[in-house]
Structure formats: structure tokens, C-alpha cells
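Asks: One structure is given below, represented as C-alpha cells, and several questions about it will come after.
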Amino acid sequence: MQIDYNCKVDRTDHGGPRKIPIELHCGRHAYLADTVIVTVPLLLLQSGEITFSPPLPGLPDVSAGEMWPGIKYPDYFSMKETDKSDPGKVEFWNCARLYLHSTQYVLAGHYVGQPALKYVNLDDETIAKSVLTRLDQRFGNGVATKRYIRHIIVNWSNRPLAKGAFSYHGTKKWTSNQKMTERLYLASEAFPTSESQEAGLIQTGAFSGRHAAKELIMYLNSTLGEE
């Protein structure tokens, strides 16, 4: 199987009959495919950065406010014990060794939704200073700053292929159809395939991808032997 990286698809022509390949345009280059699974986040689909001909029907009506902003902040500390409780209003924190038998620990903070809004437009150094200040207040005596070694910021909201942490349906129940045509399916965390799945979860994206693949394999098997 050939896998091509660093090729941003900007147009998909999928309106032809089944014997005409779907065209995926990546700048001046075009790929031909019998079937397609589109796995980009929902906001990217809605942004128009990828043009579909004909346009996709039935996308969930989700605004940018329902695509949760998110930042992950792993901090490296030279301490043997850390408090896993939530400082401030962040979603959650967790702690783990840097590697097996390491004396360094990583304290990872996940800011998702409303708590992330004040950070998403800041540079990494400003975010780091702000979070260290809050941790100093939480633990007291400036212990976070004293033990701090380095940090990594993952700002999902500023990543062009994500535009946020994950989609959030709130009190609404999405009943979106993955099947755009018999040869083109959508698959991501925004497309639950059963009532037991919640939009916005990693496992929902995995299940939707598996479901799309099974459906398209059955379609391809059904066309075997056709002239």
C-alpha cells in the first residue's frame, strides 16, 4: 500500500458514476480512488478549505462555539510527589514518570472548553508563565517554579488540521449520516455510529472509521465482476 504524506487535499470530485474514479486534488497533483473516507475534523469540513463537488449533504449544524478549544500543557518537574487535583478551573491534570525509574515527573494539564479560551491566542512562553503562577499558588512557596525544568505546549485550537480539541454536541443529539454517497464516507469523532457512542470521544472516531471501512469494503465486493 502506498502512503503519501505532506499532501493536503483541497478538492474532491466525487459526483461521477461508480465506474469513474473519484478525484482527490492536492495542489497540481491529483489522485484517483474507487472509494474515499474523509477523516478531517468537523470544523475543517465546514470551513470550505476542502471543496467537494458536488457539495456534501447533511453535515451536523455545529458552530465554532461547539468545537471546544483545547490546550495540553505537559510540565517536567524534579519532584517525587505531585498533587493531581484540579488547580483553578482546568478540566483535569494527571502525573506520570518521564520514563521507567526516572526521578523526573510530568504533570500534564488539559484545558478544554471555557477554561482554554484565555490561553488559545497566547504564545507558549506566556501560557507557561501563567500556568506556573497558578501552580505556585496552588502548592505554595513557589514550589512549582523551583522544581520546573521545561514545558511543551500543545495548542489544538491553533493547529490548522484540528482547529480545536474536539466537537461538542451539548444537549443536542447528532444523528449525522456518515454516508455521503455510496463511495464517500465521513469518519471522525463527530460521527457516532450508534446510540451508545458520544460525539467528541476518541473511541467514537475509531468506531466511525472502522464502520466506514466495512461499508466500503462491502460496496467494493459487490462491484466485483462488473464490466
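Asks: For residues that are touching a helix residue (DSSP H, G or I) at 6+ places or on another chain (Cβ under 7 Å) and open to solvent by 30 Å² or more (accessible area, probe 1.4 Å), tally how many sit in segment 180-203.
Replies: 4
Asks: Testing Val36 on (1) modelled with pLDDT of 55 or more; (2) open to solvent by 40 Å² or more (accessible area, probe 1.4 Å); (3) within 25 Å of the chain's Cα centre (by Cα), one condition comes back false. Which one is that?
Replies: Condition (2) is where Val36 drops out.
Asks: Next question, about the same structure. Out of the residues in segment 190-201 that are among the hydrophobic types (A, V, I, L, M, F, W, C) and within 18 Å of Val38 (Cβ to Cβ), which is modelled with the lowest pLDDT? Reasoning before the result, please.
Replies: Filtering segment 190-201 down to residues among the hydrophobic types (A, V, I, L, M, F, W, C) leaves 190-191, 199, 201.
Restricting the remaining residues to those that are within 18 Å of Val38 (Cβ to Cβ) gives 190-191, 199.
On the way: Ala190: 81, Phe191: 84, Ala199: 74.
So the residue we want is Ala199.
Asks: Being at pLDDT below 85, out of contact with any helix residue (DSSP H, G or I) (no Cβ under 7 Å at 6 or more places or on another chain) and small (Gly, Ala, Ser): is that true of Ala165 here? Talk me through it step by step, then tell me what you get.
Replies: Working: at pLDDT below 85: yes; out of contact with any helix residue (DSSP H, G or I) (no Cβ under 7 Å at 6 or more places or on another chain): no; small (Gly, Ala, Ser): yes.
It is false that Ala165 is at pLDDT below 85, out of contact with any helix residue (DSSP H, G or I) (no Cβ under 7 Å at 6 or more places or on another chain) and small (Gly, Ala, Ser).
Asks: Search segment 205-226 for residues being at pLDDT below 90 and touching a Lys or Arg at 6+ places or on another chain (Cβ under 9 Å), and hand back the single one that is least open to solvent (accessible area, probe 1.4 Å).
Replies: Thr223
Asks: Return the residue satisfying two criteria in turn: it lies in segment 118-152 and is of a type in the set (Val, Ile, Thr) and under 18 Å from Tyr105 (Cβ atoms), and of such residues it is nearest to the chain's Cα centre (by Cα).
Replies: Initial filter on segment 118-152 (of a type in the set (Val, Ile, Thr)): 120, 126-127, 131, 133, 143, 145, 149, 152.
If we keep only those that are under 18 Å from Tyr105 (Cβ atoms) as well, we get 131, 143, 145, 149, 152.
Details: Val131: 23, Val143: 33, Thr145: 31, Ile149: 28, Ile152: 18 Å.
Per the criteria, the residue is Ile152.
Asks: Here's a check for you: in segment 1-33, which residue that is open to solvent by less than 70 Å² (accessible area, probe 1.4 Å) and of a type in the set (Val, Ile, Thr) is farthest from Leu220 (Cα to Cα)?
Replies: Only one residue fits best here, namely Val9.
Asks: Considering segment 44-57 alone, what residues qualify as being in a helix (DSSP H, G or I), touching a residue at least 60 places away in the same chain (Cβ under 8 Å) and either open to solvent by 40 Å² or more (accessible area, probe 1.4 Å) or in contact with an Asp or Glu (Cβ under 9 Å, 6 or more places away or on another chain) (or both)? Break it down stepwise before answering.
Replies: Within segment 44-57, the first condition is being in a helix (DSSP H, G or I), and the residues that meet it are 44-47.
With touching a residue at least 60 places away in the same chain (Cβ under 8 Å) added as a condition, the list becomes 44-45, 47.
If the condition is that a residue be in a helix (DSSP H, G or I), touching a residue at least 60 places away in the same chain (Cβ under 8 Å) and either open to solvent by 40 Å² or more (accessible area, probe 1.4 Å) or in contact with an Asp or Glu (Cβ under 9 Å, 6 or more places away or on another chain) (or both), then Ser47 is the only one that fits.
Asks: Then there's this: Which condition from (1) touching a residue at least 12 places away in the same chain (Cβ under 8 Å); (2) closer than 30 Å to Asn158 by Cβ; (3) not in a strand (DSSP E or B) is the one that Leu24 breaks?
Replies: (3)
Asks: Here's something else I'd like to know. Which residue out of Trp174, Trp93, Trp156 is among the aromatic types (Phe, Trp, Tyr) and at pLDDT 80 or above?
Replies: Working: Trp174 fails: at pLDDT 80 or above; Trp93 fails: at pLDDT 80 or above.
Unique residue meeting the criteria: Trp156.
The values are calculated or read from the model by the stated rules, or taken from the named source; none is laboratory data. Values in this document were obtained by computation on a predicted structure and should not be read as measured data. Cβ: placed from backbone, ideal geometry, glycine included. Neighbour counts: every protein chain shown. Just so you know, the surface numbers come from the protein's heavy atoms only, side chains and all, with ligands and any DNA or RNA stripped out. Shrake-Rupley method; radii C 1.70, N 1.55, O 1.52, S 1.80 Å.
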